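Worksheet: the structure to be examined is printed underneath.
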Amino acid sequence: MTKEMKQQIRKMIPDDNVIYSLAELFKMFGDPTRAKILKCLQIKDLYVGELSEILEMSISAVSHQLRVLRSAKLVKGTKEGKEVKYSLDDDHVTKILEYGLTHVNED
């Protein structure tokens, strides 16, 4: 490989801050509980109690994971009366889940 080619490739790599943010995003998908929550929310917007029942986990454990996912801008909450209904933040999250599942299900 030529020196010029190496320099071209180096220029195409995002700066360290962007790479760090990307790595942090993928860490969110590295936890099985968070992955299950995201998959549930891909299917249907849900309340914490509903997620807790579906996943057979405590409300506090689900709430903690939802806080983590909210801070990563992967889920959002909408106040409905006294409760908050959670959903995926945008279509990018759905695409990441779909591509990831397609990849792990390949033969």
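Filtering the range 59-83 to residues that are outside any helix (DSSP H, G or I) and loosely packed, with under 15 Cβ neighbours inside 10 Å leaves LYS73, THR78, LYS79, GLU80, GLY81, LYS82, GLU83.
For LEU101, state whether it is surrounded by 11 or more Cβ atoms within 10 Å (Cβ to Cβ), modelled with pLDDT under 95 and of a type outside the set (Gly, Ala, Ser). Yes. Selection of first residues in the range 28-54 that are touching a residue at least 12 places away in the same chain (Cβ under 8 Å) and farther than 11 Å from VAL75 by Cα and of second residues that are surrounded by fewer than 17 Cβ atoms within 10 Å (Cβ to Cβ) and among the charged types (D, E, K, R), restricted to Cβ pairs under 7 Å at least 6 apart or on distinct chains, gives the following pairs, ordered by first then second residue: TYR47/GLU83. Of the residues in the range 10-22, none is touching a strand residue (DSSP E or B) at 6+ places or on another chain (Cβ under 9 Å), outside any loop (DSSP other than H, G, I, E, B) and modelled with pLDDT of 95 or more.
The values are calculated or read from the model by the stated rules, or taken from the named source; none is laboratory data. The shown structure was predicted, so the numbers you read here are calculated from the model rather than taken from an experiment. Quick reminder, even Gly has a Cβ in these numbers, built from the backbone with ideal geometry, and neighbours come from all protein chains shown.
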